[in-house]
Amino acid sequence: MARLQSSSSGGKDGGANSSTGTGGGRRRESGGTDAEGNPILPRSSGRGGPGSERGNGKSRAWFNPYVHHCRRGVGGRETLRERPGPPDGGTAGGSASSTAICPSPAIALAEDDPLRTLELSFLSLSGVDDSVTPRTLCDISQEYSFVEWGVNFRAEKQGMEPRYASLTWLRQLQEEIDSRQTGKSAPIQFAAHLGGEYCVDVLKGDTSLVKTLWEDYGFLRIHLCPTKSHGVNSSQLKKYQSTLKSVIVALPQVEFVLLVCKETRALAFQMMNECQPNLAFFYDAEEIVNGSVKPGGKQAQQQQQQQQQAGQLPRRPPPCPHPGIHCGYGGGLTVDNLTDELRRIAQVVKTSRRPVWVDLQSGLRTTSNGGRSDDFDLNKAWACIKMVNDLGLPRVPAFEMR
């Protein structure tokens, strides 16, 4: 069974990714394959790559919640206008230097439109897999800095099912990011969505996998999905409060994201009471509407369509009451309803000083020409990017140099 190899430092005994020896993490070799024939991804050399830059504190995620960065332009707003992506789903050209500040969005908003106050930190497009190349994603990211790509991690599904990139793909991603790490390049945003054993290891206090994802692959955000549909026994999540907190405190340079739903509320509410500046919360309407339906599956999509036809909209709860905590929303988002749902989210958030992000996954899938279902649809991703870009939403800088 394919399994991502962990870094050799920082793990705790008892985590599924840890082993005996100094540091508790698995010892990783450079290249080659493991005993089961799976590729072992090489670690960064530590010279000039993203790991060394992050390791010595030159840069960190923007998510310091107590600093408000958004500058204002004409009419109290600043709009970043960038060249639209190719309509046929091709790669974006150019670099971040092509970004220009324009006085108004491409789509005019009414004076009382809630979108005028929405601070969008990321447009997260998740479930990328081998159907799209890492080079394409990096090209888009360097053209549109507000885009974040979500990569799902679950050992028994990795490279075997749509939405789960293979280890070979991850190695290509690592090489692509390393080749683009220059002082003038725009940051490339990737988030790791952990399910199954990977998620449980972090809940138990094991830092090794997170360190590997951060140091070697450049993942700045780690989503924890401790629900049954993601392969985790959620019946006793509350017991992980102290061990999870220890991981969050140990890695302040990484933003951890905890899924908030009926299954996770015992743990989530406890974590909200003792908020850490690098802990965020994600409200997924797919989980909230009906916990018995697998998120992202055909049943979930059919359920969403039926609800929309019946005039039933996904529930968007208010964000965590602590004003400095980053929150995100997802579930039920598609190209067709993205603008309307952003407006509903803005009405719930109610303030321009509360940055949020939105995450799409099921709404980006399609059936390919080869008859395969659930493929990542780059055309849908482009449509979402162009929509957010044309709305000219105020944005918090995705990266802050310290």
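The values are calculated or read from the model by the stated rules, or taken from the named source; none is laboratory data. The structure displayed is predicted, hence computed values, not measured ones. Note: ideal-geometry Cβ built from the backbone for every residue, glycine included; neighbour counts use all protein chains shown. All accessible areas refer to the heavy atoms of the entire protein, side chains included, with ligands and DNA or RNA removed. Shrake-Rupley method; radii C 1.70, N 1.55, O 1.52, S 1.80 Å.
Of the residues making up region 235-262, those that are under 17 Å from SER208 (Cβ atoms) and among the hydroxyl-bearing types (Ser, Thr, Tyr) are TYR240, THR243, SER246.
Restrict the check to region 230-243 and report whether at least one residue is hydrophobic (A, V, I, L, M, F, W, C), over 26 Å from GLU176 (Cβ atoms) and at pLDDT 95 or above.
Of the residues in region 230-243, the ones hydrophobic (A, V, I, L, M, F, W, C) are 232, 237.
Applying the additional criterion that residues be over 26 Å from GLU176 (Cβ atoms) yields 232, 237.
With the extra rule that they be at pLDDT 95 or above, the set shrinks to 232, 237.
Yes: region 230-243 contains one or more residues that are hydrophobic (A, V, I, L, M, F, W, C), over 26 Å from GLU176 (Cβ atoms) and at pLDDT 95 or above.
Just for region 104-123: of the residues that are part of a loop (DSSP other than H, G, I, E, B) and among the hydrophobic types (A, V, I, L, M, F, W, C), which one is least open to solvent (accessible area, probe 1.4 Å)? Break it down into steps so the answer makes sense when it comes.
The initial filter retains those residues of region 104-123 that are part of a loop (DSSP other than H, G, I, E, B), namely 104-113, 118-119.
When the remaining residues are screened for being among the hydrophobic types (A, V, I, L, M, F, W, C), the result is 106-110, 118.
Numbers: ALA106: 55, ILE107: 73, ALA108: 95, LEU109: 21, ALA110: 53, LEU118: 4 Å².
Among those that are part of a loop (DSSP other than H, G, I, E, B) and among the hydrophobic types (A, V, I, L, M, F, W, C), it is LEU118.
Of the listed requirements (1) under 23 Å from GLU161 (Cα atoms); (2) at pLDDT 50 or above, VAL293 misses just one: (2).
Taken over region 169-185, the criterion of being assigned to a loop (DSSP other than H, G, I, E, B) and in contact with an Asp or Glu (Cβ under 8 Å, 6 or more places away or on another chain) is satisfied by GLN181 alone. The condition of being open to solvent by 10 Å² or more (accessible area, probe 1.4 Å), acidic (Asp, Glu), touching a residue at least 12 places away in the same chain (Cβ under 8 Å) and over 30 Å from GLN142 (Cβ atoms) does not hold for GLU215.
Restricting to region 124-168, and then to whatever is outside any strand (DSSP E or B) and β-branched (Val, Ile, Thr), can you tell me which residue is nearest to TYR283 (Cα to Cα)?
Within region 124-168, the first condition is being outside any strand (DSSP E or B), and the residues that meet it are 127-146, 154-168.
Keeping just the survivors that are β-branched (Val, Ile, Thr) gives 128, 132-133, 136, 140, 168.
Values: VAL128: 20, VAL132: 27, THR133: 29, THR136: 29, ILE140: 26, THR168: 31 Å.
Selected residue: VAL128.
Go through region 196-209 and report how many residues are closer than 23 Å to CYS261 by Cα and buried (at least 24 other Cβ atoms within 10 Å of the Cβ). Selection size over region 196-209: 4. In region 317-355, the residue that is surrounded by the most Cβ atoms within 10 Å (Cβ to Cβ) out of those that are hydrophobic (A, V, I, L, M, F, W, C) and assigned to a loop (DSSP other than H, G, I, E, B) is LEU333. LYS211 satisfies every condition listed in (1) in contact with a strand residue (DSSP E or B) (Cβ under 8 Å, 6 or more places away or on another chain); (2) closer than 19 Å to PHE282 by Cα; (3) assigned to a helix (DSSP H, G or I); (4) not aromatic (Phe, Trp, Tyr) except (2).
Only one of the numbered conditions (1) open to solvent by 20 Å² or more (accessible area, probe 1.4 Å); (2) modelled with pLDDT of 70 or more; (3) in contact with a strand residue (DSSP E or B) (Cβ under 7 Å, 6 or more places away or on another chain) is violated by ILE140, and that is (1). Pairing residues of region 218-237 that are open to solvent by 30 Å² or more (accessible area, probe 1.4 Å) with residues that are of a type in the set (A, V, I, L, M), at Cβ distances under 9 Å and at least 6 apart in sequence or on separate chains, gives SER229/VAL293; HIS230/LEU194; HIS230/LEU259; GLY231/ALA155; GLY231/VAL200; ASN233/VAL200; GLN236/ALA266.
Has region 245-259 got at least one residue that is in contact with an Asp or Glu (Cβ under 9 Å, 6 or more places away or on another chain) and either part of a loop (DSSP other than H, G, I, E, B) or polar (S, T, N, Q) (or both)?
So the first thing to find is which residues in region 245-259 are in contact with an Asp or Glu (Cβ under 9 Å, 6 or more places away or on another chain), and the list is 245, 247, 259.
So of that shortlist, the ones also either part of a loop (DSSP other than H, G, I, E, B) or polar (S, T, N, Q) (or both) come out as none.
So far as region 245-259 goes, no, none of its residues is in contact with an Asp or Glu (Cβ under 9 Å, 6 or more places away or on another chain) and either part of a loop (DSSP other than H, G, I, E, B) or polar (S, T, N, Q) (or both).
Contact annotation: no residue pair with Cβ atoms under 8 Å, 6 or more positions apart or on different chains, pairs a residue in region 136-147 that is free of Cβ contacts under 8 Å to residues at least 12 places away in the same chain with a partner that is open to solvent by less than 10 Å² (accessible area, probe 1.4 Å) and of a type outside the set (Asp, Glu). So which residues in region 252-263 are touching a helix residue (DSSP H, G or I) at 6+ places or on another chain (Cβ under 6 Å), modelled with pLDDT of 95 or more and not aromatic (Phe, Trp, Tyr)? Within region 252-263, VAL254, LEU258 meet the criteria.
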